[in-house]
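Here is the structure we will look at, set down as structure tokens.
The values are calculated or read from the model by the stated rules, or taken from the named source; none is laboratory data. Everything quoted here is computed from the prediction, not taken from an experiment. As a convention, Cβ positions derive from the backbone with ideal geometry for all residues, glycine included, and neighbour counts pool all protein chains shown.
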Amino acid sequence: MIYRENYTLSNGNTIPKIALGTWQTSNEDAERVVKYALELGYLHIDTAIAYGNEVGVGKGMKASGKPRDSYFVTSKLPAEIKTYDEAVRHISESLERLDTPYLDLMLIHWPRPWDGDPNNNYNKENLAVWKAFEEAYEAGKLKAIGVSNFSVDDLKNLIDNAKIKPMVNQIRVHIGHVPHELIEFCKANDILVESYSPNATGRLSAKEEIAEMAEKYGVSVSQLANRFDLQLGTLPLPKSVHEEFIKQNTELDFIISDDDMQKLLAIKE
């Protein structure tokens, strides 16, 4: 079962190949779906401070009864946090909300504040935040550290100027949107790519050629989309609050042929 398989990060830690995403999930729903997913056998949960559901995720973790060291949890520092002191505080508060002594992975959610200055690359600010990440990593509060939505230039800033390079870059990757240059740069620098919105927030289902290919393999469009990201060597983060679909997103033990992968890669948004 591929959802119980792992990738290996640059620091030697393992990370389960599929995560339950919790974007746009309320605290109440997060508690329910995280409990269900962990009981079902998921080993990786992805949340973020900006999602506003860390408390619910933490309650779901506890309610599952699973030992904390038996599954992997990721959270993210909000895009607008760009100082060392604020990063230190938010890391601590994230751990408190999740009611856990450590996070398996924490990411900088975005290289620039969502309402930031478009003419500022925020390189200096990201290095200040990264210093807080490095210290929390060395203290054992974060077992791995990474980024999200970082471009090649954003990554180079950390690689060239920080002590520890990012272990993960979580970016948008799905059929119709494959940033090849960025993915290749990450692979060349031993940075694992995680793929959010693997089903393009539901838009893929409207594409006839994708629906027909899913039917050919006897799977849903979402399953085909997740498998596509896996065969790119990335880690998909499918999100659902419906138990039927959460279970379905674990059932990915089929192979998309090379010819069909090329057809999917040729599709553009």
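Things worth noting here:
- Subset of the stretch 29-57 (residues that are within 28 Å of Pro113 (Cα to Cα) and more than 17 Å from the chain's Cα centre (by Cα)): Asp29, Val55, Gly56
- Residue within the stretch 226-243 that is touching a Lys or Arg at 6+ places or on another chain (Cβ under 9 Å), part of a helix (DSSP H, G or I) and within 22 Å of Gly41 (Cβ to Cβ) present: yes
- Any hit, the stretch 83-90, residues being surrounded by fewer than 21 Cβ atoms within 10 Å (Cβ to Cβ), in a loop (DSSP other than H, G, I, E, B) and at pLDDT below 95: no
- So Lys66, is it part of a loop (DSSP other than H, G, I, E, B), closer than 16 Å to Ile246 by Cβ and of a type in the set (Lys, Arg): yes
- Residue in the stretch 195-208 that is in a helix (DSSP H, G or I), more than 21 Å from Gln24 (Cβ to Cβ) and modelled with pLDDT under 95 present: yes
- Residues of the stretch 246-266 satisfying the condition of being surrounded by 16 or more Cβ atoms within 10 Å (Cβ to Cβ) and either of a type in the set (Val, Ile, Thr) or within 20 Å of the chain's Cα centre (by Cα) (or both): Ile246, Gln248, Asn249, Thr250, Leu252, Ile256
- Residue match in the stretch 205-216 (condition: small (Gly, Ala, Ser) and either in contact (Cβ under 8 Å) with a residue 60 or more places away in the chain or closer than 26 Å to Phe72 by Cβ (or both)): no
- Residues of the stretch 247-269 classified as more than 20 Å from Gln170 (Cα to Cα), assigned to a helix (DSSP H, G or I) and not acidic (Asp, Glu), total: 7
- Residue list for the stretch 217-239, restricted to those being within 18 Å of Glu5 (Cα to Cα), touching a residue at least 40 places away in the same chain (Cβ under 8 Å) and not hydrophobic (A, V, I, L, M, F, W, C): Asn226, Asp229, Gly233, Thr234, Pro236, Pro238
- Contact map, the stretch 109-130: residues that are under 15 Å from Leu77 (Cα atoms) and at pLDDT below 95 paired with residues that are surrounded by 15 or more Cβ atoms within 10 Å (Cβ to Cβ) and of a type outside the set (Asp, Glu), Cβ distance under 6 Å, separation 6+ or inter-chain. Pairs shown: Trp114/Ala79.
- Selection status of Glu269, without any contact (Cβ under 8 Å) to a residue 60 or more places away in the chain and either among the acidic types (Asp, Glu) or over 21 Å from Ile183 (Cα atoms) (or both): no
- Residues (outside any loop (DSSP other than H, G, I, E, B), aromatic (Phe, Trp, Tyr) and touching a residue at least 40 places away in the same chain (Cβ under 8 Å)) located in the stretch 132-167: Phe133
- Matching option when the condition is β-branched (Val, Ile, Thr), surrounded by fewer than 20 Cβ atoms within 10 Å (Cβ to Cβ) and either assigned to a helix (DSSP H, G or I) or out of contact with any Ser or Thr (no Cβ under 6 Å at 6 or more places or on another chain) (or both), among Val55, Val34: Val55
- Residue count for the stretch 37-52, restricted to those that are part of a helix (DSSP H, G or I) and over 15 Å from Asp69 (Cα atoms): 5
- Number of the condition not met by Pro113 [criteria: (1) under 21 Å from Gln24 (Cβ atoms); (2) part of a helix (DSSP H, G or I)]: (2)
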